[in-house]
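The structure appears right after this line, and notes come after that.
Values quoted throughout were computed directly from the atomic coordinates according to the rules given, and no laboratory measurement underlies them. This one's a predicted model, so the numbers in the text were calculated from it and none came from an experiment. With ideal geometry, Cβ positions are generated from the backbone for all residues, glycine too; neighbour counts draw on all protein chains shown.
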Amino acid sequence: MLAEMPEVSELHPVPDAHVPVLGFKLCGVSIDLLYANLAHVVIPDDLDLSQDSILHNVDEQAVRSLNGCRVTDQILRLVPNIPSFRTTLRFMRYWGKRRGVYSNVMGFLGGINWAILVARICQLYPNASPSMLISRFFRVYSQWKWPNPVTLCHIEEGPLGLPVWDPRRNFRDRGHQMPIITPAYPCMNSSYNVSTSTRYVMVQEFTRGYEICQAIDENRATWDDLFEPYPFFELYKNYLEVGITARNEDDLRNWKGWVESRLRT
């Protein structure tokens with residue numbers, strides 16, 4: 001259906017990704033469309049994704065897909081001031097892209113990770129303005145005792161017996177470097193791709209951000225200093241280039257999506 005729409009281009013499914021996704025551009029805007037196979041013969045118009053019963057009789061991939069919407073809705077329920085949260089989140093996402101630490105695939109942080117981190121700061125400082133929240137963000141996370149997890153609510157076992165993040169029971173969870181836990185059941189670590197090296201880079205960037213925020217308060221710096229692009233090609237001497245080939249453009253897009261979903265740093 002999407003392939004027949006003239007507004008859609010670069011359509012490529014990645015069914016084997018950790019969260020199955022259908023990537024495409026709609027009128028030039030990049031979109032990642034998640035898919036979940038529900039245990040319903042007919043999908044009702046009043047379907048409520050916030051109910052845990054929606055996860056009954058679905059596989060792990062469907063749970064992860066459904067939790068994309070469920071986590072987003074739950075975050076908005078848990079923050080004290082939604083406008084301040086949204087303003088701060090937009091700022092932090094832009095900052096992350098400028099400083100080269102916005103990429104879940106590459107072992108840094110993606111959209112949901114940034115949203116949870118910002119939401120936690122909003123909980124800690126419910127009456128703060130966005131500018132104050134930004135400064136507190138950098139201060140808190142530059143000093144955070146990783147791998148202690150960032151959570152927005154208590155991690156509950158839930159009624160369906162689905163596995164939740166628990167380093168006391170699960171060996172894999174113990175190895176997570178920078179746990180950022182989703183607030184919707186079943187609670188998972190949204191930053192499982194983070195490695196020791198990428199965590200080190202992010203903490204360094206948070207520290208830099210806090211130092212600049214302090215300088216801004218003292219009129220020794222501006223917000224433009226905070227957004228200065230990371231000089232990637234000036235700081236490193238050695239690089240690894242991954243080249244991929246395919247028989248045609250459609251195969252290349254699918255192959256590219258699969259390779260990107262497997263990249264780790």
- Using the beta-carbon distance between residue 52 and residue 25 and R0 = 35 Å, what value does 1/(1 + (r/R0)^6) give for FRET efficiency, to the nearest 0.05? 0.55
- For every other residue with a beta carbon closer than 15 angstrom to the beta carbon of residue 216, add +1 if it is Lys or Arg and -1 if Asp or Glu, then tell me the sum. -2
- Task: Could you bin all the Cα-Cα distances of the range 62-230 into 5 Å bins starting at 0 and give me the percent of pairs in each, rounded to whole numbers?
- Result: 1, 9, 17, 22, 21, 15, 9, 4, 2, 1, 0
- Select from 113, 18, 197 the residue farthest towards the positive end of the dipole of the chain; place +1 on Cβ of Lys and Arg, -1 on Cβ of Asp and Glu, and compute about the Cα centre. 197
- Note on the structure: If R0 = 51 Å, then residue 262 and residue 218, at their Cβ-Cβ distance, give a FRET efficiency to the nearest 0.05 of 0.65
- Which residue, chosen from 216, 87, 167, occupies the Cα position most advanced towards the positive end of the dipole of the range 62-230, where the dipole is computed from +1 (Lys, Arg) and -1 (Asp, Glu) charges on Cβ about the Cα centre? 167
- Item | Pairwise centroid distance, computed over Cα atoms, of the range 213-242 with the range 65-81, Å | 31
- Message: For the range 173-265, take N as its residue count and report Rg(C-alpha) divided by 2.2 N^0.38 Å.
- Response: 1.54
- Task: Taking the Cα centre of the chain as origin, work out the dipole magnitude from +1 charges on Lys and Arg Cβ and -1 charges on Asp and Glu Cβ, in debye rounded to 20.
- Result: 1020
- Hits in the range 25-64: amide N under 13 Å from the 7 Å Cα→Cβ extension of residue 5, namely 25-34
- Exposure proxy order (Cβ contacts within 10 Å, fewest to most) of 213, 27, 122: 27, 213, 122
- Task: Take 181, 31 and order them by how many other Cβ atoms sit within 10 Å, fewest up front.
- Result: 31, 181
- Would you tally the net charge around residue 8, using a Cβ to Cβ cut-off of less than 14 Å, leaving residue 8 out, and scoring K and R as +1, D and E as -1? -3
